[in-house]
1. Suppose the chain between GLU99 and LEU17 were pulled fully straight at 0.36 nm per residue; how much longer would it get relative to their current alpha carbon spacing?
2. Lys and Arg at +1, Asp and Glu at -1: add these up for the other residues within a Cβ distance under 14 Å of ALA59 and post the number.
3. Need one number: nm distance between label points at ILE6 and LYS74, each 7 Å from Cα along Cα→Cβ, rounded to one decimal.
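Bear in mind these aren't lab numbers, they're just calculated from the coordinates by the rules spelled out. Since this is a predicted model, take the numbers as computed values, not measurements. When we count neighbours, we look across all protein chains shown, and the Cβ atoms used for this are built from the backbone with ideal geometry, even at glycine.
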Amino acid sequence: MNNKFIIKVVVAIVLILVIFALRGNLTKQEKIKTELETTQTTKEAQAIITVTSSGFNPANTTIKPNTRIIWINKTNGNVTVNSAEYPTNKLHPFLNLGEFASSSSVQAVFTKNGTYKYHNYLNPKQTGMVVVE
């Protein structure tokens, strides 16, 4: 075989390997950037409230607009998140998230400034409040 042909084949293989390596590196960088952006957004725009047998924890939460609240049921039964006032639940209809089982969650995004009161319809003495400012 001709040495020039062998050199061309080796150069072509090296170029192909370099292209695949660069492509994989860009994909990894894009993935890391996306994960970082998601993590930063999640940390900045999310709050967790647990529901226990004694009620909502924390019962009162202050957040910024466009923050997602996630209520996690840590009881052994079903609970609800419903808007004040009991029993009509009409003050903030978007908070009528309904009944959810133990170890599950519900969520809502608060977009506007204000005070939002809610309760557990199955145990109306359990109340909470979100202040958006």
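1. Difference between extended and current length: 24.0 nm.
2. Local net charge: +2.
3. So the two model labels end up 7.0 nm from each other.
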